[in-house]
Every structure is written in C-alpha cells, then in structure tokens.
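The values are calculated or read from the model by the stated rules, or taken from the named source; none is laboratory data. Worth saying up front: this structure is predicted, and the values here are computed from it rather than measured. Every residue, glycine as well, gets a Cβ built from its backbone with ideal geometry; the counts of neighbours run over all protein chains shown.
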Amino acid sequence: MPEIYRERMKIAFVTDTHFGYRRFEQDAHLQGREAILAAAREADVLVLGGDNFDIPLPRMETIAEVTKILREALIIFHSRGITGTPIFAIHGNHDRRAKGFVHPTDLLAQGGFAINFHNRTEVFERNGEKIAISGMGSVPDDLAKEGLAKLSCAPVQGAFNVFVLHQSFQEFERIPHEDYVSFDDLPLGYDLYLCGHVHKPSLAGKVLNPGSTVVTQLREDEVGQRGWLLYDTKERKPEFRPVKSRQLFHKVLEFHGAKPEEVRSGIEAEVRRLLSQGITPAPVIKIVAKGTLAQGFSTADLRMPAFGDNVYLENALNSESLKERISQIKLSREKKQSSRELGMQLLRKRLEGTSYSLGDPEKVFELLIEGNLLKEIKGKIEKPAV
C-alpha cells in the first residue's frame, strides 16, 4: 500500500489537447493554451497526458505555437519560484511514432520544454517534498497489457507517486473489448493514477481523467465542459478546472415510418432551435437521424440539408437491424483507433510465425508510410566497399 503522504503539493493534469487538429484548429489552440497557462499559475507541476499533438508529424506552425505556450508556462512557473522544468509529458496514440523515430512530444523534451517520462520515473522536488512521476505513453491496445507488465519505472519511497498512461480501459467502455487493459493491470504502489485518451471526464474511482480540452469526435460523451484536473496531494482531492470552450450539442432525432421531407423538416427545425439560443461563440451541433423511413423510400431519397460550418448531420435511418447495429458498433470502435494504428496491428499479425527479419514492425510500417522502406533495405544490402 502507498505510504501516507501528509504534505501538500498540487499536480495539474492536462491531456488530449490535440494541438493542430485541423477541423477545430483555433479551438484546440485557444483551449489548450488556456488550460496549460492556468495550470502553471495554480500547480507545482504540470503533467501532459498524451495526444498533445493531433498527428505524429505536425506542421512547423503548430510546433512553434506549442513551444511558445510551454515557454510562457515555464516563465509563469519560474516567476512563482518553481525552478527547473516542472512540465512532464508522455505521448498519445495520435502523436505516437514507432520505436527509433522522434515523435513530437519527445521533440518538446529535447528542446527543454518538458520532460518525457515514458517508461521512466522522474522525481520533482520542491521545499523538501517530492513527487515521483512514472508512466507509459500510448502503445497499441493489443500490446498494452504486455507493456505494463514490462515497465522499468517504479514508485519512489518517500515521494508522492503518480502513474500516468494514455490508453483505453475496460472500465471506461460500455461495450467490453478484449484488447483493452483493466484497472487490475495497473502497476501497484502508486498514490494516484491518471489517464488520457478518453475524452469524457472521469473524476472519481481508481483512475482519474479530466477529458480532452477540445472536441474532436463529435460524440455524445464529449458533450459538456472541456477542462483540466488539479489534484491536491494532502487533501487527496481532484478538482475539475473548466476552460472557455465552444458548446457541443449532440442530438438524436428518432423517426418512424417518416417520409424524407418530414425528416428534413425535423432536422431543420432542431438546428434552427439550437442556433436561436444566441450562444457565443457559435456552438458545434451534431444531429443524428435514426429510425425508419416510410415504406418505399430508402436513405438515397433523403437529401440532408446544408447549414454551413459547425453543423454536422449523420443519417442512420433504416439501419436498425441487429446485423447492421453490430457493424456500426465495430466501426465506432475502429474509428477510435487511427488508420495508422490499425495498419500496424495488421502488419504485426501478418508477420507472426514468418521468417521476417527487417527489425521493429512498427518502424517498418512508418518507413512504408513515408516511402523510405526500399531505400532503407537497399542501404543494408549495398554496403560500401572497404
């Protein structure tokens, strides 16, 4: 059991900022910046929980924006007498690259803006008190249990020990998934467990997660305030800190035996109702049309209305059979994984039991994507003459 820790330090946890997310790029920038700078004003240490960037190879402009934000945060920390680099980070599934490649979170560490603690334990000390931060950045779900079992980081005696990861959990899902880790798979001996990846906040229980700072998936579980987490080590109490963020409306409209024009009118009326509330900034609206069309009509007969930016419509009519619903569930799961991750998972399975000898499959996959695999192989075969 973790030892009793009686002194007070405050830990800020900001996760899933998705800097550079193209659909809502300004939201990601403004809301992520607000969370990080507010954390620097309130906490002793700041932990970034992965998906700090939206893609493994962000634009130079995005990297410049993020380094500027972190520089501002460090200035705030130092103005409060907190020295060194009190910002710690792991990578997520969006900003993860294969072993041997530099991912953008590691780039921040190399530039001195944060400390990368993937598979490491980093100790931060202030006024004689210690916080030990350990963790595991995102790994493919089918390798996560094995990864947790092989970690080399460990709790530090005399410190408040924090374990952080960026992963899917069985306990956070309504539908079980055999590849997801469970709370029971977590390493023992830590005082606090924090997790990114799931955009819906979970502020109670064994693993705490404040959710993302920006909406990306337009799912029902992203409805609500975006924000970050502040944890008091003495009170052992988490507090959710909201940031100014655009509101997401996620509305499911049910139709039964409706004609296409009735569906269209219903959708238009609901969007007008939501927009008429005068909310600023303009909200993001997702309307899902479910149920059935009148006999003789198909989804091809329904021409969905267009409302411009920030209004998204999904036509799920006539898709209520059990087989189709199972397919939708499977598809929704797969959408939570990037095509890159699914491709790497498929490559690993195809290579099982073969005489494959080109090294790390994930690195090979990255080389395939970047078009450099043949060059790499050629360089190994055509060695220069001595």
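Here are the numbers for the structure shown:
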| item | result |
| --- | --- |
| Condition met for SER152 (hydroxyl-bearing (Ser, Thr, Tyr), assigned to a strand (DSSP E or B) and assigned by TED's automatic domain parsing to the domain that holds LYS206) | no |
| Close pairs from region 126-152: first within 17 Å of THR15 (Cβ to Cβ), partner acidic (Asp, Glu) and surrounded by 17 or more Cβ atoms within 10 Å (Cβ to Cβ), Cβ under 7 Å, at least 6 apart | ILE133/GLU122 |
| First in region 157-174 and within 19 Å of ASP54 (Cα to Cα), second anywhere and surrounded by 24 or more Cβ atoms within 10 Å (Cβ to Cβ) and hydroxyl-bearing (Ser, Thr, Tyr), Cβ under 6 Å, 6 or more apart | HIS166/SER138 |
| Restricting region 88-102 to residues that are buried (at least 21 other Cβ atoms within 10 Å of the Cβ) and of a type outside the set (Val, Ile, Thr), the residue that is modelled with the lowest pLDDT | ARG96 |
| Strands (runs of 3 or more DSSP E) within region 183-285 that include 1 or more residues charged (D, E, K, R) and touching a strand residue (DSSP E or B) at 6+ places or on another chain (Cβ under 8 Å) | 227-232, 237-242, 248-258 |
| Criterion violated by PHE249 - all others in (1) touching a residue at least 24 places away in the same chain (Cβ under 8 Å); (2) surrounded by fewer than 18 Cβ atoms within 10 Å (Cβ to Cβ); (3) not basic (Lys, Arg) satisfied | (2) |
| All positions within region 215-242 that are acidic (Asp, Glu) and crowded, with 18+ Cβ neighbours inside 10 Å | GLU222 |
| Answer residue from region 71-87, given it is within 16 Å of ILE11 (Cβ to Cβ) and not aliphatic (A, V, I, L, M) and is surrounded by the fewest Cβ atoms within 10 Å (Cβ to Cβ) among those | GLY84 |
| Top-ranked residue of region 10-23 - restricted to ones that are crowded, with 21+ Cβ neighbours inside 10 Å and farther than 18 Å from PRO56 by Cβ, ranked as farthest from the chain's Cα centre (by Cα) | ILE11 |
| Residues of region 112-124 classified as in contact with a helix residue (DSSP H, G or I) (Cβ under 7 Å, 6 or more places away or on another chain) and either in contact (Cβ under 8 Å) with a residue 40 or more places away in the chain or assigned to a loop (DSSP other than H, G, I, E, B) (or both), total | 2 |
| Residues of region 141-199 that turn out to be under 18 Å from LYS99 (Cα atoms) and under 15 Å from the mean Cα position of the chain (by Cα), as a count | 4 |
| Candidate set: region 74-100, residues that are within 15 Å of the chain's Cα centre (by Cα) and among the basic types (Lys, Arg); chosen: the one nearest to PHE117 (Cα to Cα) | ARG96 |
| Tabulated pairs, region 265-282, first assigned by TED's automatic domain parsing to the domain that holds TYR312, second part of a helix (DSSP H, G or I), C-beta under 9 angstrom, 6+ apart or interchain | PRO281/ASP27; ALA282/LEU275 |
| Region 188-208 - residue that is touching a Leu at 6+ places or on another chain (Cβ under 7 Å) and either more than 30 Å from ARG126 (Cβ to Cβ) or in contact (Cβ under 8 Å) with a residue 40 or more places away in the chain (or both) and, of those, surrounded by the most Cβ atoms within 10 Å (Cβ to Cβ) | CYS195 |
| Qualifying residue in region 64-73 (condition: under 30 Å from GLY128 (Cα atoms), assigned by TED's automatic domain parsing to the domain that holds HIS197, within 17 Å of the chain's Cα centre (by Cα) and of a type in the set (S, T, N, Q)) | no |
| Condition check for GLU261: touching a Lys or Arg at 6+ places or on another chain (Cβ under 9 Å), of a type in the set (Asp, Glu) and either loosely packed, with under 14 Cβ neighbours inside 10 Å or modelled with pLDDT of 95 or more (or both) | no |
